[in-house]
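Only one structure is covered here, and it is reproduced in the block below.
The values are calculated or read from the model by the stated rules, or taken from the named source; none is laboratory data. Just so you know, these numbers come straight off a predicted model, no measurement behind them. Cβ coordinates were reconstructed from backbone atoms using ideal geometry, including for glycine residues, and neighbour counts include every protein chain displayed.
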Amino acid sequence: MGRSKKRGRNPANDLTDDLMVEILSRLPAKSVCRFKCVSKHWRHGLIAHPDHRSRLPQTLSGFFRSSETRIDDGTKSSPIIDSDDEDDYESDHDAEWTTAPNFVSILGKKEKHGVVSDPALSFLTGYRSVVPKSCSNGLLLCLCWKVASTTESDYMVCNPATQQWVTVPGNGHRFRTDMRMFLAAAASGHFHIFALLHDEDWEWYTEDVDIYSSEAGAWSHHESGWAWDTKVSHRGVFHHGMLHLVTISSTIVAVDTKGTTWRTIPLLESMATTYRYSSNGPFIGVSQERFHYVSHRRRDEHTLSVWILGDGDDDENQWTYRYSISTTRIFGARISDLEEYSLVGIHPECNTVFFGVKRHRKYVLLSYDMDRGKVRTLGHIRFGGWSYRPYLPYVPSFSRIVG
């Protein structure tokens, strides 16, 4: 009898919480999420505990975005999310409107705002309008318009999980609110900001790039190392120490944080697409540590193609075909027949992509599991324009901002 009890003893019961967290911290985020199902203590006492979260890997929890918001009694309110009530989307011409952030969770109702307790970022006080521009490693870059002035604004870097924020100093340009700005944050809490400066005679052609380093606390100016007619979209992603951007000329361009290395990565002829400023232009993202490019085929609007960069050993510019996605299967229609649609994200840990579809003034957020062919509806949010208000994939961080 005693031998039987000894054989049934669970050795994990003798491990301290601190040691268990140390073990979990060495696992991928996807595995840590699975361990939430072990017990209530594992879920709340270990993985979700405030003292442990900063040590554990995190995964995609949702998307930040800005949209027009009604002001009631002088206070900002976020648009209603996950609502099927048509009245929520009716216009109120007598109301005052501003622009405010909102957050769309992909975690389900139980954890809907578990890591984002303030989706409107109201802890950024003194501003009448807050517009998220870029997101990286749990930090948001926001353009914030001051309450006391119709022309004064600040760029802020904030952490929605910890509600910490810092103001980014100006880079000496008068019209910096019109610049394309991209954030690249490190796990250490340091960050860089890329400001794309445009040719005054050729609108939106990138002439120079200013780069801000939080560690140095200063901006540096760099002449562009790309072709003179480089014109980028709003899609940008930081990968392997470089900011990567989609251009309208069927290339990917990249620059490092010091402005010393510039790359132009050509696309294969079969990857080229007709660029559109509406939502269905090419999409780039990082999933499972690989750089992905997704676009619809020029001659077949039933199909999206998924490609991976640098999957081979010989050429870092080599593209490898990975998947085809049938839009007819997902949406029940060709892309050209849809009212509006957008590919808004790719999951960093698995083969899942996220779409938005506009239906009767409602923007429906969908996920598509490429391995299982499964489509899920995640919720609704008010439609408010595409390219200048992209959805920003958010992976929470509980580290402090250094800068």
Legend entry - Exclusive hit being at pLDDT 90 or above, within 25 Å of Tyr363 (Cα to Cα), of a type in the set (S, T, N, Q) and not in a loop (DSSP other than H, G, I, E, B), set Ser134, Ser122: Ser134
Legend entry - Odd one out for Glu207 among (1) more than 24 Å from Asn159 (Cβ to Cβ); (2) part of a strand (DSSP E or B); (3) modelled with pLDDT of 90 or more: (3)
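Could you please let me know if Leu183 is in contact with a Cys (Cβ under 8 Å, 6 or more places away or on another chain) and modelled with pLDDT of 90 or more?
yes
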Inset, instruction - Take the range 137-176 and flag every residue that is under 14 Å from Ala100 (Cβ atoms) and not in a strand (DSSP E or B). - result: Val147, Pro160
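Which strands (runs of 3 or more DSSP E) does the range 232-271 wholly contain that include 3 or more residues that are within 21 Å of the chain's Cα centre (by Cα)?
The qualifying strands (runs of 3 or more DSSP E) are 232-239, 242-247, 251-256.
Within the group Val246, Val237, Val253, which residue is crowded, with 20+ Cβ neighbours inside 10 Å, at pLDDT 95 or above and under 30 Å from His222 (Cα atoms)? Before the answer, list the steps.
Details: Val246 fails: at pLDDT 95 or above; Val237 fails: at pLDDT 95 or above.
Criteria check complete, one pass: Val253.
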Inset, instruction - Looking at (1) among the acidic types (Asp, Glu); (2) closer than 28 Å to Ser287 by Cα; (3) assigned to a strand (DSSP E or B), find the lone condition where Glu215 falls short. - result: (3)
